[in-house]
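Following: one structure in structure tokens, then a few remarks.
Laboratory data are not the source of any read-out in this text; all were calculated from the coordinates shown. Every value quoted in this text rests on a predicted model; they were computed, and no experiment measured them. Glycine gets a Cβ as well: all are built from the backbone with ideal geometry, and neighbour counts include every protein chain shown.
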Amino acid sequence: MTDRIVLAYSGGLDTTVAIPWIKERTGKDVIALAIDVGQAGEDLEQVRERALGSGAVESVVIDARDEFADDYLVPALKANALYQRRYPLVSALSRPLISKLLARTARELGANSIAHGCTGMGNDQVRFEAAVYALAPELNSVAPIRDLSLTRDVAIEYAEQHKLPIRQSKSSPYSIDQNMWGRAVETGFLEDPWNAPIEDLYEYTQDPTVDREPTEVLITFETGVPVALDGERLTMRQMVEKLNKLAGDQGVGRLDMVEDRLVGIKSREIYEAPAAIALIEAHTHLEDLTLERDVARYKRQVEVEWSNLVYDGLWYGGLKRSLDAFIDYTQQKVSGDVRLKLHQGRAVVTGRRSDESLYDYSLATYDTGNTFNQDSARGFIDIWSLPSRIAARRDKPEL
Ligand code: ARG
């Protein structure tokens, strides 16, 4: 029996050409696997057929939108995950799920390798392969673009010569990856980090500088998970889809940053992630109300570590799973409502309330009736500053 290989298939030029290319170069039969993580765009039935038309021996499509939302985006939101303080890990979150489905399909259909369309310069090659090996260490990987010299020019020429069923669409000068958590745009004129992005780049968001009425939304959380929007119960997927529209229409979630890739390169990236940014903003504010001070402070450090691990492709690793256990534990009381104003590119929290609130009006008020015992403050400061006072006696700080 010939070897079989499962290819993560997007339906685009590179992975379409990769099907006959892999067969030619390695002799392996190619099984195409297309996964819906909410990237929108094309009908996946067409994508499935294109793979068959390009020589795939089997073509499988999986709608993984709910699994992506529930098992990947919910943990990311609980972790308020932002890489380098900004990027909500859009691509980094889809890779572990796609990898799991690649590995599962390989096992089910008797393949011994997986393939993906990444170059050798980015994070995604690392994420795919590291995740697949963490789940199914017996599998091998092939990256036709990286390992089998399938450059873009070659792909275009090959597709024409072999009359492959390439989708006729306006060719984009950008490298784009998108799913329901956001959209990443790279290359082209953006490679000069001084060049400002143009309106043309954006699909999930409207121009935030246009004058329009603000949108107000009420998001209800239960144990860290957003469960209702303006009182309507929603699944995580529905929540993200609705907020992408509402926040996107107000231009929320645009990011322009220089980021440090795992492979050592600094790269300029444009992102738009309306729902992600709005939800993380709302969630952190509810945590401010419901988490104990030291838990909140420690969790912020864990969030940075969690985000770094996920960015670096270690989703299935022991440390990431252990941090998940910590984060989950912290979310037990993160229930309540957050009111958000979406306007001019920003998601601003204007109110929060919770049955689990640690905010105590009688302690916080400056009005009469305050119950905070101000007499004990003096003694507290005496002891709190004791180490500093002793050190000052010795060090005689200059004034
Ligand atoms: N830089 C981001 C990351 O590493 C996004 C990469 C997306 N890929 C793309 N072809 N635009 O997670």
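Structural remarks
- Of the trypsin sites (Lys or Arg not before Pro) found in segment 241-296, none is in coil by DSSP with at most 10 other Cβ atoms within 10 Å of its Cβ.
- Cα centroid separation, segment 63-122 to segment 249-269: 18 Å.
- Computed [θ] at 222 nm, helices only, for the chain once each DSSP H run of length n ≥ 4 contributes -39500 (n - 2.57): -12500 deg cm²/dmol
- Considering only alpha-carbon pairs that sit under 8 angstrom and 6 or more positions apart, the relative contact order computed for the chain is 17 percent.
- For the chain, the longest principal axis of the alpha carbon atoms and the long axis of helix 274-290 meet at an angle near 30°.
- Segment 366-391 and segment 156-196: distance between their alpha carbon centers, rounded to Å: 61 Å
- Formal net charge of residues neighbouring ARG95 (Cβ-Cβ distance under 12 Å; K, R +1; D, E -1): -2
- Euclidean distance of C-alpha centroids, segment 127-154 and segment 287-356, integer Å: 33 Å
- For segment 138-230, chymotrypsin sites (Phe, Trp or Tyr not before Pro) are listed when DSSP marks them as loop and at most 12 other Cβ atoms sit within 10 Å of their Cβ; the list is TRP194.
- Segment 70-218 shape via C-alpha gyration tensor axes, a/c threshold 1.5: oblate
- Shape box of the chain [Cα atoms, principal axes, largest first, Å]: 85, 53, 43
- Charge sum, other residues only, whose C-beta stays under 11 Å from THR205's C-beta, Lys/Arg counted +1 and Asp/Glu -1: -2
- Share antiparallel - DSSP beta bridges, the chain, percent rounded to 5: 70 percent
- Using alpha-carbon coordinates, inclination of helix 13-26 to the longest axis of the chain, degrees: 60 degrees
- In segment 308-399, the inverse of the mean reciprocal separation of distinct Cα atoms equals 19.2 Å; this is its Kirkwood hydrodynamic radius.
- With at most 13 other Cβ atoms within 10 Å, longest stretch of the chain clear of loop GluC sites (Glu not before Pro) (DSSP): 1-137
- For ALA143, net neighbour charge (Lys/Arg +1, Asp/Glu -1) across residues whose Cβ lies under 11 Å away: -3
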